[in-house]
Structures are given as C-alpha cells and as structure tokens.
Amino acid sequence: MRIPLDYYRILGLPTQATAEQLQQAYRDRTLQLPRREYSEAAIAARKDLIDEAYAVLSDADQRRSYDTGFLKEPYASGSESYDSPHDLVHIAESGTNGGVDPYTPSIEIEDQQFVGALLLLLELGEYELVLRLGRPFLTSGNLNLDLRDGRYGEPEIVLADIVLTLALACLELGREQWQQGQYENAAESLETGQELLLREGLFPTLRGEMQSDLMKLRPYRVLELLSLSDDAEAEYYERRKGLGILQDMLDERGGIDGTGDDQSGLSVDDFLRFVQQLRSYLTTAEQQEIFEEEARRPSAVATYLAIYALIARGFAERQPALIRRAKLMLIRLGIRQDVYLEQALCALLLGQTEEANRALSLSQEFDSLAFIREYSQESPDLLPGLCLYGERWLQNEVFPHFRDLARQQASLKDYFADEQVQAYLEELPNEAESSGSWTSATPIARSADRYATATSQDTYHAIADSSSESAGYGAIANMSTTATLESKSDAVTTNGVTTMPAAERISQTAHPGSTGYASNSRGARTQALADRRSVSPGTSSRPPHSPVRRSSGGPRLDRLALVIGVGLLGLLGTVFVVSKLVQALAGGGAKSESSAAVTELQVAPLSAIPAAIASQIPAQAPTGDLTEETAKEVVEAWLSAKSKAMGEQHQVDQLSSILSEPALSQWQQRATQLEQGGSYVEYTHDVTIDTVNFDEATPDQASVEATVSEKADVYENGEISEASSYDDTLRVMYTLVRQDGQWRIQGMTVL
C-alpha cells in the first residue's frame, strides 16, 4: 500500500540536508521512542521505516534517483476502483474518502509497516490524517476481517496499537484546537478519543489524561458557549449547555467561593475572576437565577452578585419588586458591612426618600458622599446628588455587566415615569426601621434574621411591615426647575470624582481616557481582592440645582420632586426615589475580558470584594511544613502579589498577604512611589526552586534559593519604556518566617 509520507519527512529534514545533518537526524529519530504503551511490533515497524529512509538518502545514487521522482508521482486520481484491502490507504489518499492532496509525496510500504507509518504520521502532527487512515480498521465489515487475518501482524496487538494511535491523535488534536481557541471542537476531539478507549476497554491511563484535559477545558468552553447569540435554536441550546457546564462546576466546587475541587485548576480567587468574565455574557435573568440559587448555599459573594442582578433587572424591566427583594438581601449583609450607601440608592429607586436620607447620613463612604454633596449644595438634603450619582452608577457600573443591558441607556426619568413603577410604588408598604433611626444595629439584625428565614413573598412583606417608615407614599405633581449646575458638571468632568464602594465590591468597568469615581480608602476596602478602575462620570444632562416648587404631597413628596429635578435635565414628571438596594451591586465591574489564553485561562482582574466577604474565602497561602513544592507556592504567591502591587491597578494591599517586615514596608513604599509617579509594571515570571534550608533550632524560619526568570514591561505615562524594561534570570535567596501558621517572606537577596 502507499502511504502519504516521504523519506525526508520521516527523518524531519529538508531536501537540501547535508550528509552530516542526515546522520544527526537519524540518530535523533532512533533515540526518540514512542509512548511505552506501544507494542514492540509497532516500535519495530516505525524503526524499519526510519532505517529505510536513512538507507535511501545516505546513498548518493539512490538519493539522486529518489529526488528525481518522489515529487512527480501523484496518487491515484480517485476514479479507480479498489477491491483489495491493500488499497485502503490508497482510497483515503485519493480523495474519495476525504483524503489528502493526490499530489502529496508518498512511499510504498508493507502491510505490517502500517502501524509504524501511522505512528510516524502522528509524530509529524498529521492527526486528522491518522484518524482518516485508521478509523476504517475499527469499523465492522471486510476491513476488520482483513485485520483479523494476520496480514498486518498479530490481530489483537495491531488493533491495540491502532486504537492507541487514534486515541493519541484525538488527544493531540484536541490540545491543538484548544490552543487555537476552538474549545468546543477540542472537547469533541477529546471525547471521541475517550469513547474509543472506553469502547475497546484499553489504556485507562490515557483515558485519564483526556478526562483531565476535559475538566481543565470546561472554563474555556463555558466562555465560548455563553458568548453565542441565542437567536437561533441551535445556538440557544449551545448556550444552555454552557450554563449546564457552569452549574456542574459550581456544584463540584461547593459554590462560587467554595473550596471543592472541580479539577479545572482554578484557585478560589481565579474562579471568582472567571465568574467576573462570565457576567458580561449572561443576561439579567440568567444572572438572577444563578446567583440567587448560589446565595442559598450560603455565599456572601453570590449574594452580592444576586443583588446586582436584581437591581439591574428591576430597573431595566421596570420591576421595582425585584429591587425590593435586593433591598431585603442587603439587610442581611448590613449586619457586617457598611452598606448604607447601597441602601440609600435602593431607597431612591423605591421612592423611600426619608430612608434614603437617613442611610446617607450614616454612610462612611466619604469619597462617594463628597460627589453627592457637590451636587446637592443648594438643597436641604442629599437627594439631588444621590439621584445623579445613582443614574451614572447604573449606566457605567451596572449595565455593562449584562449582555442584554450593555447598550441600554439608564434613565431615572423614564423609570419613574413608567406607569407600572408608579403603581407599584404607590402600593409599596413603608419599610423604615420602627425606631425611625438606623443608629442601632438591633433592628437591622432582627430584620436580617427574619429575612434569613423568609421563604415566600408573604414573609418578605412581614419583614417590611414590621419595620415600616412612618411617612406614607404619595403621587408627585409636575415640577419645573430654574437653574442648572453646568459649572459643577464641568468641574467633575475635569477633576474626576471618586468611585462608590459598591463599584469596588464585585467589579469595575474601565472607560479609557475618562475620569471617574475613585474608591474609598478605608482599610476594609484596601484589603479587597481586585483592581480598581476608573469609570466615566457619564454625559448625562446638567442637573437642575435650584429648589423645586413644593407640591401638596407633603415634605416627602417635595423631596422626590427635588430629586427628579436635580438628577435629570429640566425634567417634568413624576419621580419616586427609592430604598437601599444599589451598593452591593455597585460592586461595579471590571468589564470582563472574553478572551482566554491558549495554555492558561486569563481571567480578568477581580474587583474589590469587601473585607467581610473576602474573610470568608479560605487563604491560599501555603501552610504546614515547608517543602520544595510549598516553597515554590510561597515564591509564586509573592511574585503574584508583586505583579498586582506594581501593576496598573496598584493593589498595594496584596503585599500584606505574603510579606512580613521588613520586606513588607520596603515593597509598599516602592509600589506607592511607582503609583505616585504615574508608572506601573507588567511582569512575567518563571520560578525554579533550587534549595530549601532549615535550622532545627528555629523551625519557624527557613531560607529558599530559587532561580527566577523575570520579564518586566515598565509603563510611564501609559507608554512602555524600553529603557526601563528588562528580561533577566536571577538567583534569589528568600528568607521565610512562619506567622500564624502561614509562611511569609521576610527578606530577599539577589545572589
């Protein structure tokens, strides 16, 4: 039979190879042995073909003759009839079976060399060709009978070798497709190989390799499947498949911030970042369904994301009942967190103005309050600034994280003008604390306890009714405004404003070139897990600033009228300012980056999660005895923290998770100076541990010598500085100390 190979390819040489190159290639090929699972017969057949190639090409006359003819002998045209099993490969090559180009060079081989030829094609990366040539031997019919008659060798041995070669072709093809970003195709190739091995009952170790790859491939598949449109029926079912894979991963991990092993290779922090990437591919309804269910595990992170989804959907779809549900979930979080700003924003959307003002008066989010006060200077309260702040937050921080809202405009005017919203807010029970004050944690705790046991809408109402605001809710008359804040708006656009804490909680959206809200500087915020990114304050109309004419609805209605006039340009309409649901969702969001890297899933930076939530996530730093493996984890944790601290987002707080004094202060100072100078560094690292040294007298101290390859791209004023950038390999000695059971780096010296 003929096989699509030539002697040069068998030896891995160009046609111009010298005699010395030929000898070296022959030695290399004979020393390179295939996987140990192959039979001796397969290895011998492969060597026969290598020997044959070397014999022809090392003889000057034979090589000259071969060079003259091997490119001029095309395969059969495909019009011939093949009745003999010997023509199997010929058929595949000819194109009648989807084979190769008929003008590809080929050689004649013996039947018993077939497995060796398949093996060589596998080594050359011809995975699809291997599958085309080998599959017919595994189907029922005459070809299987030919295999059993012994002409290709011992039937059982040959069959096992062919199965092994096809399975390896599936494995390597899957990995190649993985690198090319064809994740579903990669999964199909791997599953095909798995099914083949399972059907034949062979090579369980190889089957395990495929299973491992399939598990690591799942995050990529989820991203690819969820990025599809759901317009067509086929794509709809593909997206549902992606959601199913995601749910399997969540169940295996025990939740978003669970510590179970889903075999994806993602740590707790990595998985949180992965979830961040997913959010922009999910609709508001999908996120609500997923995160509300996950919040019941319970999960503080999922609770934040569920609140975010409820607010987004409630506002976009004019369903304030969803915002009310989110508000009640915030009560539970409020036991441990300062969520007064979020409560104020939710109160704004539910028309509960007194509650909104009380919440703002208790909030410690000073930077965000500065923005709100800036736009409420001529008002007796903070509702005008809160209205503008809330609308910009919805537009810049919330909507970009939902595929169905990414291009939608957030308008408080349209929201409050909606008849469905008006009707709901008119009927909404008052939900302020019965004491009329939020200075005591006791009423909140009681409400949170009741919420935790709530299982029906009736229970939600019971919670709300038990802590109602004294003032009633009424309609708002038409309003007009007489002044604008154009000069104030210009000041904000020029100087920027600081970001609301909610936007730090889960993620933040970066808008290149824009000014934005800066994050709160409290310690709880600086210990958050993710990058802070600036967001545009938006381009909404200049808010009216002068007091509005009061209607007959009482002081609460007057406040609402003022809010609308302030938040939206010259507005005439009805407005209802609402309760507490926005901050948890203000977790904002780093716009998730949909692309995943070839060999390692590149997850977007995880925006800050409040310290109360971060504290519930198990620490990833190594503990216990220090081995080479854990020493490498310590060094890699340091290099990761260094990359974040010195990176574009300057997450200096990351250093305290792995360094101790004096190294901690030294690197905190360096990172701060870098940030003040408007520079940052992007690192790429590779670590090899050389030695780990202990002193028996001081078991909580150790030294580690490591070889560190470090590539640093230094950016100054947003542009890479070639002069400051470097790519070095260094030997470094790290001094380690164990504190509270955790190994930290105390000092480091370049050797």
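Here are a few things to note about the model shown:
- Within region 642-662, the set of residues being part of a helix (DSSP H, G or I) and surrounded by 20 or more Cβ atoms within 10 Å (Cβ to Cβ) comprises Lys642, Lys644, Ala645, Met646, Val652, Asp653, Gln654, Leu655.
- Matching residues in region 723-751 - criterion: being over 30 Å from the mean Cα position of the chain (by Cα) and within 22 Å of Glu648 (Cβ to Cβ): Ala723, Ser724
- Listed by first and then second residue, the pairs linking a residue in region 166-180 that is farther than 13 Å from Leu197 by Cβ and small (Gly, Ala, Ser) to a residue that is open to solvent by less than 10 Å² (accessible area, probe 1.4 Å) and assigned to a helix (DSSP H, G or I), with Cβ atoms under 6 Å apart and 6 or more places separating them unless they lie on different chains, are Gly174/Ala186; Gly174/Leu190.
- For region 373-388, residues that are touching a Gly at 6+ places or on another chain (Cβ under 6 Å) and in a loop (DSSP other than H, G, I, E, B) total 2.
- Top-ranked residue in region 267-305 [being under 15 Å from the mean Cα position of the chain (by Cα) and part of a loop (DSSP other than H, G, I, E, B); ranked as surrounded by the fewest Cβ atoms within 10 Å (Cβ to Cβ)]: Ser267
- Filtering region 154-165 to residues that are in contact (Cβ under 8 Å) with a residue 12 or more places away in the chain and either open to solvent by 20 Å² or more (accessible area, probe 1.4 Å) or hydroxyl-bearing (Ser, Thr, Tyr) (or both) leaves Glu154, Ile157, Leu159, Ala160, Thr165.
- Number of residues in region 202-247 that are of a type in the set (S, T, N, Q), under 20 Å from the mean Cα position of the chain (by Cα) and within 30 Å of Leu138 (Cα to Cα) equals 1.
- Here Leu639, Leu626 are screened, and the one residue that is out of contact with any Ser or Thr (no Cβ under 8 Å at 6 or more places or on another chain), at pLDDT 90 or above and either surrounded by 18 or more Cβ atoms within 10 Å (Cβ to Cβ) or among the hydrophobic types (A, V, I, L, M, F, W, C) (or both) is Leu639.
- Exactly one residue out of Met210, Met249 is in contact with a Leu (Cβ under 6 Å, 6 or more places away or on another chain) and either hydrophobic (A, V, I, L, M, F, W, C) or more than 30 Å from Leu166 (Cα to Cα) (or both): that is Met210.
Yes or no, residue by residue, for (1) in contact with a strand residue (DSSP E or B) (Cβ under 7 Å, 6 or more places away or on another chain); (2) open to solvent by 10 Å² or more (accessible area, probe 1.4 Å); (3) part of a helix (DSSP H, G or I):
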| site | (1), (2), (3) |
| --- | --- |
| Arg336 | no, yes, no |
| Cys346 | yes, no, yes |
| Leu360 | no, no, yes |
| Ser368 | no, no, yes |
| Gly390 | no, no, yes |
| Glu397 | no, no, yes |
| Tyr424 | no, yes, yes |
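- Total residues in region 242-266, condition of a type outside the set (Lys, Arg) and assigned to a helix (DSSP H, G or I): 11
The values are calculated or read from the model by the stated rules, or taken from the named source; none is laboratory data. Being a predicted model, the structure only gives us computed values, none of them experimental. Don't worry about glycine lacking a Cβ; one is built from the backbone with ideal geometry, like all the others, and counts go over all protein chains shown. For accessibility, only protein heavy atoms count, side chains too; no ligands or nucleic acids. Shrake-Rupley method; radii C 1.70, N 1.55, O 1.52, S 1.80 Å.
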